[in-house]
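These notes are about the structure you will find just below.
The values are calculated or read from the model by the stated rules, or taken from the named source; none is laboratory data. Everything quoted here is computed from the prediction, not taken from an experiment. With ideal geometry, Cβ positions are generated from the backbone for all residues, glycine too; neighbour counts draw on all protein chains shown.
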Amino acid sequence: MGSDLVLGHGGLARPVWAASDPLLREYYDHEWGMPVRDERGLFERLSLEAFQSGLSWQTILRKREGFRRAFRNFRPEAVRRFAADDVERLMNDSSIVRNKLKIDATIQNARATIALRADGGLAELIWSYQPETTPGPRTLAEIPTVSAESRALARELRSRGFRFVGPTTMYALMEAVGIVDTHLVGSWRRGSSGVWPGDPASRHYPTDSD
């Protein structure tokens, strides 16, 4: 086993970043890299990835329920109607990351998401940038942070009026929603999304008794 994988909870191999903190482990074991194909789910992930820029993902996860309450469960129809008083409310809400540029971007992105419905929708657009192959990293250093597809997706979203959708942020989104599989080779989650089934991992999912 590579040095970037450790045996931990349930006797399963995970990358070091997901092995110690229970919140990160839960996210890694059950959510990260699993396919998200619905508009609301993708709008939430897109929004959280934007707020994460410059911060740790652990910070975002700890505030996730606060984000959901503040942004009406990331329903684009609700967020697109946010006005100046909503921005003021959000800037005074300590349960989220209070960054006006990112708050304004989320509202704009909700409007852009609604507009995309006339042309196939957000999910269809994002998943259209799935590459022909996925990486097979054996160490954390081998995991890409950007790709030709993430650059192209970023350009397309920007042309559609989206903000905070740079190539690195879009690659992180693609990892999070299963468009690429960057689980380390040897991790129990490698291949578990079903999108890239060529390298399946053990199907033993940890339970409370593990």
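Some observations on this one:
Results for (1) in a strand (DSSP E or B); (2) at pLDDT 95 or above, shown as yes or no for each residue.
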site: Ser3; (1), (2): no, no
site: Val6; (1), (2): yes, no
site: Gly10; (1), (2): no, no
site: Leu23; (1), (2): no, yes
site: Gly33; (1), (2): no, yes
site: Gly41; (1), (2): no, yes
site: Arg45; (1), (2): no, yes
site: Leu48; (1), (2): no, yes
site: Phe51; (1), (2): no, yes
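- Within the stretch 4-53, being acidic (Asp, Glu), out of contact with any Pro (no Cβ under 8 Å at 6 or more places or on another chain), surrounded by 15 or more Cβ atoms within 10 Å (Cβ to Cβ) and under 25 Å from Val185 (Cα atoms) holds for Glu26, Glu49.
- Of all residues in the stretch 121-148 being of a type in the set (D, E, K, R) and more than 13 Å from Thr182 (Cβ to Cβ), the one that is surrounded by the fewest Cβ atoms within 10 Å (Cβ to Cβ): Glu132
- Residue among Arg72, Arg89, Arg155 that is surrounded by 15 or more Cβ atoms within 10 Å (Cβ to Cβ), of a type in the set (D, E, K, R) and more than 17 Å from the chain's Cα centre (by Cα): Arg72
- Contact map, the stretch 57-73: residues that are under 17 Å from Ile107 (Cα atoms) paired with residues that are not in a helix (DSSP H, G or I), Cβ distance under 6 Å, separation 6+ or inter-chain. Pairs shown: Gly66/Ser95; Gly66/Ile96; Phe67/Ile96; Ala70/Asp93; Ala70/Ile96.
- Within the set Glu156, Glu149, Glu142, Glu124, the sole residue that is farther than 30 Å from Pro76 by Cα, at pLDDT 95 or above and among the charged types (D, E, K, R) turns out to be Glu142.
- Members of the stretch 77-86 found to be of a type in the set (Asp, Glu) and either under 22 Å from Leu42 (Cα atoms) or surrounded by 12 or more Cβ atoms within 10 Å (Cβ to Cβ) (or both), listed by number: Glu77, Asp86
- Within the set Pro131, Pro144, the sole residue that is in contact with an Asp or Glu (Cβ under 6 Å, 6 or more places away or on another chain), in a loop (DSSP other than H, G, I, E, B) and either aliphatic (A, V, I, L, M) or within 30 Å of Ser193 (Cα to Cα) (or both) turns out to be Pro131.
- The helices (runs of 4 or more DSSP H) located wholly in the stretch 76-120 that include 3 or more residues which are closer than 19 Å to Phe162 by Cα occupy 76-79, 100-116.
- Summed over the stretch 128-170, the residues that are in contact with a Phe, Trp or Tyr (Cβ under 6 Å, 6 or more places away or on another chain), touching a residue at least 60 places away in the same chain (Cβ under 8 Å) and within 24 Å of Asn99 (Cβ to Cβ) give a count of 0.
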